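Note sheet for the following structure.
The values are calculated or read from the model by the stated rules, or taken from the named source; none is laboratory data. Here the structure is a predicted model, which is why all the values come from computation and not from measurement. Cβ sites come from the backbone with ideal geometry, for glycine too, and all protein chains shown count toward neighbours.
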Amino acid sequence: MRTLLSGLVMVIGLAVFLHGFSATCDAATLYGFNVYTTGTGSGTVTANPGTLMWIGNNGETSYSSGTSVTLTATPSSGSTFAGWSGNTCSGTGTCTITINGVMSVTATFNTVSSSCSYTISPSSTTLTAGSSTGAVTVTSSSTNCSWTAASNSPWIVVTATSGESGSVTGTVTYSASANTGTSSK
């Protein structure tokens, strides 16, 4: 016995898409499950188990109550996955959700900024002739802009154990060897 309890049924070719539905089928309750994509970028979302049937930015399928579904988001080239929202999904890793009714999740993809700028503070410093240590703060213009600290002089060594690279803001520590020569470095 099949009973449609609520929702909208769309027939496209031979595929049937059920939006916001629940149905009883041979004593098993099936629930509609929707994944939406949004943001300035693009990407794909896959479900395991099952296959999402996509119309535009809406992927739909159905599951029995109690089914554990893992969603994986993969950004397209030039995009980044910004995270999940809806039901119990959050963060930027995979999302595992247990179906217990009609449910929906949104995956946000944003474009990667093509221009990055960086500031270093302080922008310069004066060191004594003896060996010295110090720190600088590196700030990037966007969370999509990463940086790596490196020295282009053999007498300056980046000493940070966790601040050698990052995105947005970070502190880099360094040491400078003593100037044993007669000229300035």
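So that you can scan it fast, the table gives a plain yes or no per residue for (1) assigned by TED's automatic domain parsing to the domain that holds THR46; (2) aliphatic (A, V, I, L, M); (3) not in a strand (DSSP E or B):
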{"position": "GLY66", "(1), (2), (3)": "yes, no, yes"}
{"position": "THR74", "(1), (2), (3)": "yes, no, no"}
{"position": "SER77", "(1), (2), (3)": "yes, no, yes"}
{"position": "PHE81", "(1), (2), (3)": "yes, no, no"}
{"position": "GLY101", "(1), (2), (3)": "yes, no, yes"}
{"position": "ALA107", "(1), (2), (3)": "yes, yes, no"}
{"position": "THR125", "(1), (2), (3)": "no, no, yes"}
{"position": "THR137", "(1), (2), (3)": "no, no, no"}
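ALA135 - would you say it is modelled with pLDDT of 80 or more and closer than 30 Å to ASN48 by Cβ?
When the stated conditions are applied, ALA135 does not pass them.
Counting just the residues of the range 74-101 that are buried (at least 16 other Cβ atoms within 10 Å of the Cβ) and of a type in the set (Val, Ile, Thr), which one comes out modelled with the lowest pLDDT? Among them, the one singled out is THR80. Taking the range 102-115 as the range and being of a type in the set (A, V, I, L, M) and crowded, with 17+ Cβ neighbours inside 10 Å as the test, the residues that pass are VAL102, MET103, VAL105, ALA107. In the condition set (1) hydroxyl-bearing (Ser, Thr, Tyr); (2) surrounded by fewer than 14 Cβ atoms within 10 Å (Cβ to Cβ); (3) within 18 Å of the chain's Cα centre (by Cα), TYR118 is compliant with all but (3). Yes or no: SER132 at negative phi, within 19 Å of the chain's Cα centre (by Cα) and surrounded by 14 or more Cβ atoms within 10 Å (Cβ to Cβ)? Considered against the rule, which asks whether it is at negative phi, within 19 Å of the chain's Cα centre (by Cα) and surrounded by 14 or more Cβ atoms within 10 Å (Cβ to Cβ), SER132 comes out as no.
Before we move on, is LEU30 part of a strand (DSSP E or B), modelled with pLDDT under 95, of a type in the set (A, V, I, L, M, F, W, C) and surrounded by 13 or more Cβ atoms within 10 Å (Cβ to Cβ)?
yes
Counting the residues of the range 139-178 that are of a type outside the set (Gly, Ala, Ser), in a loop (DSSP other than H, G, I, E, B) and at pLDDT 80 or above gives 3.
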